[in-house]
């Protein structure tokens, strides 16, 4: 008897599940085929999905791409393409975002949203810039793409942001050179260290790393016994960065050895020093 009652309960439970499932199926609205909707209706659905699913914009991406597929020559196809690039960037699908933005630029180069498409393309590189210790290939691409925004759309609302990000990416490259230079300096590989710090001084002179690069040059040249170069690096520091702690350190290093902070000899640093005096550097 107990077994019969248990079996009855199981059967009853199973029937209830079936009934509830059937009711849910009856309540579920049938999915409307996208090809039965207008371009505007699909586009508006994409906007709603993008707004309501901010962290998971995949459905919005799909809807925008369907507008482009089903209505390729409509005004909404153009709008959907730029929104697709935006949604892909939000989803961190950076390669897809670049492809969509580039397609927009290829199809609609004179459109009012072309500046935004170029900025999105640049931003998709910029947001992929890794930590300083990683390969910086994407940083170079971000710089070029930001430069394109600045040069091609100088009066757009995105130009100032592109300039700021260009400077930050430029600083990022200098930081990479500094990291490698410090590594060589700590290990006593002074020639290799000097090459890295020289790149910062010559190619990234407008970044925040120049003063430290000059100090490290003082240290490396002194370690090699090249006092003329060390003194000249100190002289540049004294001319441009006298309030910097890096200048104070170089002053102690040089004067502690009875050396003045003045340009001496005829090296690449003395040429930079002459540019400094003429106001042609920094």
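Ellipsoid semi-axes for region 174-282, based on the Cα gyration tensor and the rule √(5λ), read 18, 17, 13 Å when sorted largest first. For the pair region 96-173 and region 229-248, the centres of their Cα atoms are 35 angstrom apart. Consider all pairwise Cα distances in region 116-248 and report the whole-number % of them above 24 Å. In whole percent, the long-distance tail amounts to 39.
Placing a pseudo-label 7 Å from each Cα along the Cα-to-Cβ vector at residue 144 and residue 112 gives an inter-label distance of 3.2 nm. Placing pseudo-labels 7 Å out from each Cα toward the beta carbon at residue 90 and residue 51 gives an inter-label distance of 1.1 nm. In region 151-214 the Cα-Cα distances spread across 10 Å bins starting at 0 as 23, 39, 21, 12, 4 percent of all pairs. Here is the tail figure for region 39-115: Cα pairs spaced more than 22 Å apart come to 15 percent of all pairs. Per-residue extension of 0.36 nm, minus the Cα-Cα distance of residue 59 and residue 151, leaves a gain of 29.6 nm for this segment. The slack in the chain from residue 44 to residue 187, taken as 0.36 nm per residue of separation less the alpha-carbon distance, amounts to 45.4 nm. Each of the peptides 98-107, 229-238 was scored by the mean count of other Cβ atoms within 10 Å over its residues; in descending order, highest first, they stand as 229-238, 98-107. Between residue 167 and residue 240, the distance separating the two model label sites (each 7 Å from Cα on the Cα→Cβ line) works out to 1.6 nm.
A short reminder: the numbers here are calculations on the coordinates, not readings from a lab. This structure is a prediction, so every number in the text was calculated from the model and none was measured. When we count neighbours, we look across all protein chains shown, and the Cβ atoms used for this are built from the backbone with ideal geometry, even at glycine.
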